[in-house]
């Protein structure tokens, strides 16, 4: 027994357009998820680098002269190689005039990686990542100084 279509219409390939549309939507959401995850990773990396370089510059035995700050800046910018970032210590201040910075302010600006094309995603709000860390340097006094 054979089945025949009485309408005379051929249905071959009728689901092709729907399948292409469905696959396109799934791929778009997958691309958006990858964009979100990589953006979060880049943001976390920038925050970690800003915090790390500020703590290194404000540490107990750290050299806080202007030449040492330039070294910290170069090291941090080398760590930001994947996101094309800039590290700025220009807002750091020397309060007491002794030649060493007393307030360390690190501003890190980086470009967020982008996977979603601009015509699809438009402005996702994650084009640049900016992080500012401010640490006040405290001078530690040894207990021996108070024993007299």
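The values are calculated or read from the model by the stated rules, or taken from the named source; none is laboratory data. Just so it is clear, the structure is predicted and the values come from calculations on it, not from any experiment. Note that each Cβ is placed from the backbone with ideal geometry, even for glycine, and that neighbours are counted across all protein chains shown.
Being loosely packed, with under 11 Cβ neighbours inside 10 Å and at pLDDT 80 or above is a property that residue 67 has. Which numbered condition in (1) closer than 12 Å to residue 135 by Cβ; (2) outside any helix (DSSP H, G or I) is the only one that residue 96 fails? Residue 96 satisfies every listed condition except (1). Applying the set (1) outside any helix (DSSP H, G or I); (2) touching a helix residue (DSSP H, G or I) at 6+ places or on another chain (Cβ under 7 Å); (3) over 20 Å from residue 105 (Cβ atoms) to residue 87 leaves exactly one unmet item: (3). Looking at segment 15-30, is at least one residue surrounded by 18 or more Cβ atoms within 10 Å (Cβ to Cβ) and either in contact (Cβ under 8 Å) with a residue 12 or more places away in the chain or within 15 Å of residue 132 (Cα to Cα) (or both)? Scanning segment 15-30 turns up no residue that is surrounded by 18 or more Cβ atoms within 10 Å (Cβ to Cβ) and either in contact (Cβ under 8 Å) with a residue 12 or more places away in the chain or within 15 Å of residue 132 (Cα to Cα) (or both). Scanning segment 46-64 for residues that are touching a residue at least 40 places away in the same chain (Cβ under 8 Å) and surrounded by 14 or more Cβ atoms within 10 Å (Cβ to Cβ) turns up 46, 47, 49, 50, 51, 53, 54, 55, 57, 58, 64. The listed residues are 78, 110, and the only one of them that is free of Cβ contacts under 8 Å to residues at least 12 places away in the same chain, under 20 Å from residue 51 (Cβ atoms) and not in a loop (DSSP other than H, G, I, E, B) turns out to be 78.
Just one of the listed residues (103, 87, 95) is in contact with a strand residue (DSSP E or B) (Cβ under 9 Å, 6 or more places away or on another chain) and crowded, with 16+ Cβ neighbours inside 10 Å, and it is 87. Taking residue 78 as the residue in question, decide whether it is farther than 19 Å from residue 128 by Cβ, surrounded by fewer than 13 Cβ atoms within 10 Å (Cβ to Cβ) and under 18 Å from the mean Cα position of the chain (by Cα). Against the criterion (farther than 19 Å from residue 128 by Cβ, surrounded by fewer than 13 Cβ atoms within 10 Å (Cβ to Cβ) and under 18 Å from the mean Cα position of the chain (by Cα)), residue 78 qualifies. Here residue 38 does not fit the description of being in contact with a strand residue (DSSP E or B) (Cβ under 7 Å, 6 or more places away or on another chain), surrounded by 13 or more Cβ atoms within 10 Å (Cβ to Cβ) and at negative phi. Annotation: of all residues in segment 46-60 being assigned to a helix (DSSP H, G or I) and out of contact with any strand residue (DSSP E or B) (no Cβ under 8 Å at 6 or more places or on another chain), the one that is farthest from residue 105 (Cα to Cα) is 48. If you check residue 116 against the conditions, is it over 21 Å from the mean Cα position of the chain (by Cα) and either at pLDDT below 80 or more than 23 Å from residue 42 (Cβ to Cβ) (or both)? Criteria not met by residue 116.
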